[in-house]
Amino acid sequence: MSIAVITFPGSNCDRDCLHVLQNVIGAPARFVFHKETDLGDCTGVLVPGGFSYGDYLRAGALAKISPIMPAIHRFADAGGPVLGICNGFQILCEVGLLPGALMLNRNLRFISRWVDLRVENSDTLFTRHLWQDQIVRMPIAHAEGNFTVEPETIAKIVAKQQIVFKYAGPVREDSPDGNPNGSTLSIAGIVNEAGNVMGMMPHPDRASEAILGSTDGIPIFRAFAEAAQEKSRLEYSY
């Protein structure tokens with residue numbers, strides 16, 4: 001029983017995520033290659049950042065039809081905890097596990113820098129070790145991070161408190177509102193209606209050790225690992 005870190009051709013944060021889970025959090029985790037069709041005894045799924053399939057067509061469009069995706073969909077539909085980071089967020093939107101889509105940044109450029117995030121909902125499986133309105137610091141690295149949804153969908157997301165993180169700075173000449181990519185309502189991360197699937201564009205895996213400049217990502221990984229452990233107890237207790 002372990003957390004599955006999905007690896008696609010072009011993934012570049014799979015090892016980072018595995019390292020944080022195994023060596024920083026102390027959680028059991030293993031790689032699951034995109035050509036697999038079964039998650040085995042995994043009790044959590046992490047879809048990491050990177051450039052799956054080189055981001056050809058659009059980010060996440062080819063990963064959507066990978067052999068492993070039906071198993072991830074079944075796992076999520078059964079209530080299993082799923083975390084998508086950056087390209088993982090894009091993939092989860094493409095496959096329909098999260099609403100909306102990640103479009104090109106408003107400046108049409110790749111952005112790689114540190115950002116501030118405000119915790120909009122601390123009452124989720126993934127944010128229960130953070131507090132409401134807490135400001136955390138993590139890096140972003142994406143060209144398609146502009147979260148976009150139809151007006152009726154964003155109204156539902158707001159009403160059901162699915163917004164987990166919003167961009168909160170820093171204020172710069174190229175982002176006077178503190179929103180680096182033009183994302184709707186400055187959204188940086190959301191959960192599904194059931195609360196067991198979360199996607200976020202910033203990288204908690206790159207903010208989980210002091211040497212990297214921030215440890216603000218640790219609470220997210222710890223909460224995710226605990227959710228996976230809880231699923232394990234529910235499924236295998238007698």
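What follows is calculated from the coordinates using simple rules that are stated; it is not laboratory data. This structure is a prediction, so every number in the text was calculated from the model and none was measured. Neighbour counts are summed over all protein chains in view; Cβ atoms, including those assigned to glycine, are modelled from backbone coordinates with ideal geometry.
Projecting the Cα atoms of ILE211, ASN196, ALA101 onto the dipole axis of the chain, where Lys and Arg carry +1 and Asp and Glu carry -1 at the beta carbon, places ILE211 farthest toward the positive end.
Subtracting the Cα-Cα distance of ALA78 and ARG106 from 0.36 nm times their residue separation leaves 6.5 nm of extension gain. A Förster radius of 22 Å combined with the Cβ-Cβ distance from ALA194 to GLU152 puts the calculated FRET efficiency at roughly 0.65.
Computed from point charges on the beta carbon alone (+1 for Lys and Arg, -1 for Asp and Glu), the dipole magnitude for segment 95-135 about its Cα centre is near 280 Debye. Remark: segment 106-121, residue by residue, has Karplus-estimated 3J(HN,Hα) of 5, 8, 6, 10, 5, 10, 9, 6, 7, 9, 9, 10, 9, 6, 8, 9 Hz, where x stands for each Gly or Pro and the curve is 6.51 cos²θ - 1.76 cosθ + 1.60 at θ = phi - 60°.
Using Cβ point charges alone (K and R +1, D and E -1), the dipole size of the chain about the Cα centre works out to roughly 180 debye.
Here the dipole of segment 128-238 is about 280 debye; that uses its Cα centre as origin and unit charges on the Cβ of Lys and Arg (positive) and Asp and Glu (negative).
Result for the chain in a Gaussian network model with C-alpha springs under 10 Å: among GLY100, GLY84, GLY40, the largest mean-square fluctuation is at GLY40.
Close amide H contacts of VAL164 (hydrogens built in the peptide plane, cut-off under 5 Å, sequence separation of 5 or more or a different chain): GLY189, ILE190, VAL191.
Sum -39500 (n - 2.57) across every DSSP H segment of at least 4 residues in the chain, then divide by the residue count to get the 222 nm mean residue ellipticity, nearest 500. When only DSSP H runs of four or more count, the value is -6500 deg cm²/dmol.
Scaled against 2.2 N^0.38 Å for its residue count N, the alpha carbon radius of gyration of the chain is 0.93.
Membrane-span-like helices in the chain, defined here as complete DSSP H runs extending at least 24 Å along the helix axis by their C-alpha atoms with mean Kyte-Doolittle hydropathy no lower than -1.0, are 218-236; this is a sequence and geometry rule, not a statement about a membrane. Summary value for the chain: 21 percent relative contact order, contacts being C-alpha pairs under 8 angstrom separated by 6+ residues.
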